[in-house]
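The values are calculated or read from the model by the stated rules, or taken from the named source; none is laboratory data. Just so you know, these numbers come straight off a predicted model, no measurement behind them. No Cβ is skipped: glycine too gets one built from the backbone with ideal geometry, and neighbour counts run over all protein chains shown. When the accessible area is computed, the model is the full protein with side chains, heavy atoms only, and any ligands, DNA or RNA have been set aside. Shrake-Rupley method; radii C 1.70, N 1.55, O 1.52, S 1.80 Å.
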Amino acid sequence: MSFKRRQFLRTIAKLGGASSLVPFFSSAQGQRLLKKLDSIKSFELDEVVRDESFWYQIKHAYTVSPAIVNLNNGGVSPQPKVVQEAVERYNRLSNEAPSLFMWRTLDSGKEPIREKLADLGGCSAEEIAINRNTSEALETIIFGLPLKAGDEVVLTKQDYPNMINAWKQKAHRDGIVLKWLNLELPVEDKQQLIDTFTSAFTAKTKVVHITHMINWVGQILPVKEIGAIAHERGIEVLVDGAHTFAQLDFNIPDLNCDYFGASLHKWLSAPFGTGMLWVKKEKIKKIYPLFAAPQFDSDDIRKFEHLGTRSLAIEQAIGQAVDFHHMIGTQIKEARLRYLTNYWISSVKNLAFVKIHSPQNPLLIGAIGSFSIDGRKSRDISSQLYKDFKIHTTGINWENIDVVRVTPNVYTVTKDLNRLIKAIKNFG
Ligand SMILES: Cc1ncc(COP(=O)(O)O)c(C=O)c1O
């Protein structure tokens, strides 16, 4: 079956079940988007990706400021209108009688949300715990995994600081040994990355921590290949999927990992403070929950959800975010984000004063791209981009990395990137 037929059938099938988006599709903006969705159904992937009028309709489904160009979507994503409205609606309902309408009515929607996330992750709902963010998901594993003094964990200096801190704390407390890799990014050769990780494995290695897409420069790591070798050697695989869940098209179980954490407020555009943890079914029993459960050694994934009172309005609105995501489709979203990154990078990479710090290999990059300007501190460049051009990026100075990170989103149009390209040229 051709891409267009497959994609169209999938989009319509998902929309059929997307009753949560109905108020949006009844609005004039929603109607325009529906019409546009209908008109692109005969397009090839490449045509959809380049159809700016479609992406303008997506922009209008958000409420982003027209005054600035926000190119720091890797930090946290804005939510489309349907998600914001759902949060407000569920919050108002909760406030009518919280212990009744939040704890009973809204919470009864939790299992359908779990199913929706499992469907998106291509896994069983019995392996998904809903929580608040990637940090919570991964720290559940880091602190809950029984390891003993002398056991080794392979990780990199380019992993996310919260995760690095968690492993350091665990090492201090339990005497495990951290084996640090120091990656010189970008790396264009997949095999080199596989070799770097696997050559650090020893007979004492018990866990490898892999950041699926490195947040500083967007490098995608070959998790599947590293995971396969790790498993052959009896090493468990923990994946930081903060930037890949709902950005790249993959099924979690295909990654050859045991544990996977993600923030839903990043690439899914779900409410702030939503995340998830995937644990391979047979591993659930041995992981101590971070927040104690009635039965800590249960093999029920729900043992990781005893988080105490929190807003169930935001948790419920994950449903609208998943439906909105399906309206675009993961394959189209991934291709569009990669197209946008390539769009701005290819326009500035040949300037003598610009250095690109992200891979050129399209299989090793997605929505995150980074650059630096000769002789200038990246944080100053990022500040100047905002001050002079109202372009919001993030300046990074971490370990061996000093870059300006640029992360567009599905509501970014090429006109926004033209503003960035013009601004970068101005630094020459
Ligand atoms: C690679 C990576 N891991 C983990 C996190 C933590 O995400 P959160 O703050 O949602 O817990 C981030 C946040 O930017 C990240 O980039």
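For T414, state whether it is open to solvent by 10 Å² or more (accessible area, probe 1.4 Å) and either more than 30 Å from F25 (Cβ to Cβ) or of a type in the set (S, T, N, Q) (or both).
Yes; evaluated as a whole, the condition is true for this residue.
On the given criteria, is D258 under 13 Å from the mean Cα position of the chain (by Cα) and open to solvent by less than 20 Å² (accessible area, probe 1.4 Å)? Outline the logic, then answer.
Numbers: under 13 Å from the mean Cα position of the chain (by Cα): no; open to solvent by less than 20 Å² (accessible area, probe 1.4 Å): yes.
No: the conditions fail for D258.
For the range 243-260, enumerate the residues that are touching a strand residue (DSSP E or B) at 6+ places or on another chain (Cβ under 7 Å) and either more than 16 Å from I318 (Cα to Cα) or away from the ligand (no atom under 16 Å from the Cβ) (or both).
H243, T244, I252, L255, N256, C257, D258, Y259, F260
Quick check on the range 270-289. Is at least one of its residues in a helix (DSSP H, G or I), in contact with a Gly (Cβ under 7 Å, 6 or more places away or on another chain) and buried (at least 17 other Cβ atoms within 10 Å of the Cβ)?
no
Could you please let me know if W216 is within 20 Å of the chain's Cα centre (by Cα), of a type in the set (A, V, I, L, M, F, W, C) and over 30 Å from E111 (Cβ atoms)?
So W216 passes the test.
In the range 90-145, which residues are within 16 Å of the ligand (Cβ to nearest atom) and part of a strand (DSSP E or B)?
A129, I130, N131, listed by residue number.
Out of the residues in the range 188-211 meeting the condition of being touching a residue at least 40 places away in the same chain (Cβ under 8 Å) and open to solvent by less than 10 Å² (accessible area, probe 1.4 Å), tell me which one is farthest from S370 (Cα to Cα).
Within the range 188-211, the match that is farthest from S370 (Cα to Cα) is T205.
(1) in the same structural domain as A129 (by TED's automatic domain parsing); (2) closer than 30 Å to R32 by Cα; (3) among the polar types (S, T, N, Q): which one isn't true of T309, the others all being true?
Among (1) in the same structural domain as A129 (by TED's automatic domain parsing); (2) closer than 30 Å to R32 by Cα; (3) among the polar types (S, T, N, Q), T309 violates only (2).
Given the criteria under 30 Å from Q79 (Cβ atoms), among the charged types (D, E, K, R) and assigned to a helix (DSSP H, G or I), does D254 qualify? Walk me through it before giving the result.
Details: under 30 Å from Q79 (Cβ atoms): yes; among the charged types (D, E, K, R): yes; assigned to a helix (DSSP H, G or I): yes.
Yes.
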